[in-house]
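These notes are about the structure you will find just below.
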Amino acid sequence: MKVLVYPPNSMILSDLVERGGHEAVVLMKEIGEHVRDAEIDAPPINITEDDLKRALRYVSVEEPAGLKGRIGLLAPLLEKAEASIILSDAPPTFGCMGCAVADEFFKFLIRKREIPTLEVKYEGGEKMDEMVSAIMKFLARLSGEEKK
Amino acid sequence: MTKVAQISCGTEYSGIQWMLDDIAGRVGIELVYPEMELSKVELACKELGFVAESPSLNMMMARAVSMLDDPTIKGALLLTCFRCAEGTIAKDMVRRFLHERTDIPIISYSNVEKPKEIEIFSRLEALKTMITRKALLMREKQEGITIGVDSGSSTTKVVVMRDNEIIGEGWLPTTDPVKSADDAIEAALKEAGISGKKVDAIGVTGHGRELVSEHVKADLNLEEVSVVSKGAALLSKRHKGDATVIDIGGMNNKLILMRDGIANTFNLGGICGGSSGRFLEVASHRLDVDISKLGQLAMKSKVKKGEGEFELQSYCMVFGIQSLVVALASGVKREDVAAAACRSVAEQVYENQIQEMEIRPPVIFVGGVSLVEGVKREFEDMLGVEIIVPPYSQHAGAVGIATLVSGV
């Protein structure tokens, strides 16, 4: 299954999804495609007018430019996701998008898609095991559903 | 290359970073991002006394703190998205923080996804002048005989100065910038009663400066922000301490904060013609009064604020004027309509520019619109401070460049 993770640039979540036998839907791939596109010359991450226009399917034209750019970049992820894991209260080093409103809105859009979603709170220290275990159980359940 | 710190929260996501880098390169600026350890972000937020919900804004504040440790950074560009409430708060906090801790020039800008190149270019160009021409900008007196040309978007202003005094002036509508400049120079020299051969140097500023400068073989060609602020300081004799300059011209406006006669932060208008002299020109045409008499007409209005004064329904050049015409047709007095037009310009400058920066008294009002008394009165009502309109206020740009070129 294609599992979208939030924060969408979290390497740890992405790794867990791959270990659980699924395909991680992450921002790095999307940005990678943008950056490697020789046709676009808008460094550093090649956000184009098309990305900003794509965002208008989800946000009002009155929203700030940075929010539109972020949602435009995230929209393809949202559209291809078959399941998702939303990790809340993660520290910035765990992966972050930077703009609080874009973050909140993206989580809202994920929930609105009504795909199987695990919402789990970030836990540090000893409780980290429980967090990882909940994620792995969710991924195993997805595998089971996929086999059915 | 001059190092300028870009303190922003994610312009790469707005798709404009390439444009910023490109323009910066063209004006000789290298945009750098002050580095800091992630662990310092929390400390920086504490130092500024504000923690944002957005991690990137917290990082932006940390970059501002980190910037203070890098002596090679000579200026700062503060950027957040237009219409972002949290970004605007953080940007303002950073600006105030940097103003308290350092003397380097700072500019703020709220970016949209398709900014006008000229808006960014003129800001970065002015920032570059403030950094690299500081010694020249410190000049407080004009010496010898010099000519200052301000090739503006609506009018061309020229002054001939001799030993810190204006001895000739020319003020003509800008049609062909070169011809208008030639004619205005001729008029100013005639009034001064001197021949062009006796002129020691000539300086040019304004929108048409590249073209005019080449034509007149100018000794100095500088952007308007530094020049207008210098002219305002000179005309009002305010060379020391803080001051604020409001410059409203025919098609754009500037708000400049000065310290010791040199601009150190500014905000440029130009998004909407409704806050320019052009709006008042159109209004005076509809009121059948010469633009030079519009202010006096407005001053005749006796209706006090909050007592049912007439207000234009829009700041827009089209809809505001439409509202004005409807008011006249429904019997509102001409002087009350003239006052409303002046208030509309002052309010728009206040809402779009002044509210983004603080006011540092004294406030010096220059540019063609400063001659419209009604606008001055509206600013005084709005800001609650006395506004200084120095003599020759419409010539601030020309006086500034005539003074600066005498030091070249």
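The values are calculated or read from the model by the stated rules, or taken from the named source; none is laboratory data. Just so we're clear, the structure is a prediction, and the values are computed from it rather than from any experiment. Virtual Cβ from ideal backbone geometry, glycine too; neighbours counted across all protein chains shown.
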Which of the residues belonging to segment B:350-364 are out of contact with any Gly (no Cβ under 7 Å at 6 or more places or on another chain) and either surrounded by 24 or more Cβ atoms within 10 Å (Cβ to Cβ) or assigned to a loop (DSSP other than H, G, I, E, B) (or both)? B:MET357, B:GLU358, B:ILE359, B:ARG360, B:PRO361, B:PRO362, B:ILE364
Might you check whether a residue that is farther than 30 Å from A:ILE40 by Cα and either more than 14 Å from chain A (Cβ to nearest Cβ) or among the basic types (Lys, Arg) (or both) occurs anywhere in segment B:15-36? no
Mind checking which pairs have a first residue in segment B:220-233 that is in contact (Cβ under 8 Å) with a residue 40 or more places away in the chain and a second that is among the acidic types (Asp, Glu), Cβ under 7 Å, 6 or more apart or different chains? B:GLU223/B:GLU125; B:VAL228/B:ASP247
Taking the criterion of being at negative phi, more than 19 Å from the chain's Cα centre (by Cα) and more than 14 Å from chain A (Cβ to nearest Cβ), would at least one residue in segment B:113-124 satisfy it? no
Can you run down the residue pairs with Cβ atoms below 8 Å, 6 or more apart or on separate chains, where the first is in segment B:1-19 and assigned by TED's automatic domain parsing to the domain that holds B:THR102 and the partner is part of a strand (DSSP E or B) and of a type in the set (Ser, Thr, Tyr)? B:SER8/B:THR80; B:CYS9/B:THR80
So the check is Cβ under 6 Å with 6+ separation or different chains; which pairs have a first residue in segment B:166-181 that's touching a residue at least 40 places away in the same chain (Cβ under 8 Å) and a second one that's among the acidic types (Asp, Glu)? none
The residue that is farthest from the other protein chains (Cβ to nearest Cβ), considering only those in segment B:37-53 that are surrounded by fewer than 19 Cβ atoms within 10 Å (Cβ to Cβ), assigned to a loop (DSSP other than H, G, I, E, B) and of a type in the set (A, V, I, L, M), is B:VAL51
Condition (residue is assigned to a helix (DSSP H, G or I) and buried (at least 16 other Cβ atoms within 10 Å of the Cβ)) applied to segment B:136-147: is it met by at least one residue? yes
What residue, among those in segment B:16-36 that are outside any helix (DSSP H, G or I) and of a type in the set (Val, Ile, Thr), is nearest to the chain's Cα centre (by Cα)? B:ILE29
Name every residue in segment A:32-84 that is farther than 27 Å from A:PHE138 by Cα and more than 13 Å from every other protein chain (Cβ to nearest Cβ), in order of residue number. A:GLY32, A:GLU33, A:ARG36, A:ASP37, A:ALA38, A:GLU39, A:ARG57, A:TYR58
Whether any residue in segment A:81-101 is in contact (Cβ under 8 Å) with a residue 24 or more places away in the chain, closer than 18 Å to A:ASP50 by Cβ and out of contact with any His (no Cβ under 8 Å at 6 or more places or on another chain) is what I want to check. no
Listed by first then second residue, the pairs whose first member lies in segment B:98-117 and is surrounded by fewer than 19 Cβ atoms within 10 Å (Cβ to Cβ) and among the basic types (Lys, Arg), whose partner is outside any strand (DSSP E or B) and modelled with pLDDT of 90 or more, with beta carbons under 6 Å and at least 6 positions apart or on separate chains, are B:ARG101/B:LEU68
Residues that are at pLDDT 85 or above and in contact with a Cys (Cβ under 9 Å, 6 or more places away or on another chain): list the helices (runs of 4 or more DSSP H) wholly contained in segment A:32-144 that include at least 2 such residues. A:65-80, A:100-112
Is there any pair with a first residue in segment A:121-148 that is touching a residue at least 24 places away in the same chain (Cβ under 8 Å) and a second that is surrounded by 12 or more Cβ atoms within 10 Å (Cβ to Cβ) and assigned to a helix (DSSP H, G or I) whose Cβ atoms are under 6 Å apart and which are 6 or more apart or on different chains, and what are they? A:ILE135/A:LEU16
(1) among the charged types (D, E, K, R); (2) within 29 Å of B:ILE118 (Cβ to Cβ); (3) over 20 Å from the mean Cα position of the chain (by Cα): which one isn't true of B:GLU186, the others all being true? (2)
I'm trying to understand the selection: among the residues of segment B:181-206, which are in a loop (DSSP other than H, G, I, E, B) and crowded, with 16+ Cβ neighbours inside 10 Å? B:ILE194, B:VAL199, B:GLY206
Within segment A:23-46, does at least one residue satisfy the condition of being under 17 Å from the mean Cα position of the chain (by Cα), more than 25 Å from A:PHE94 (Cβ to Cβ) and surrounded by fewer than 20 Cβ atoms within 10 Å (Cβ to Cβ)? no
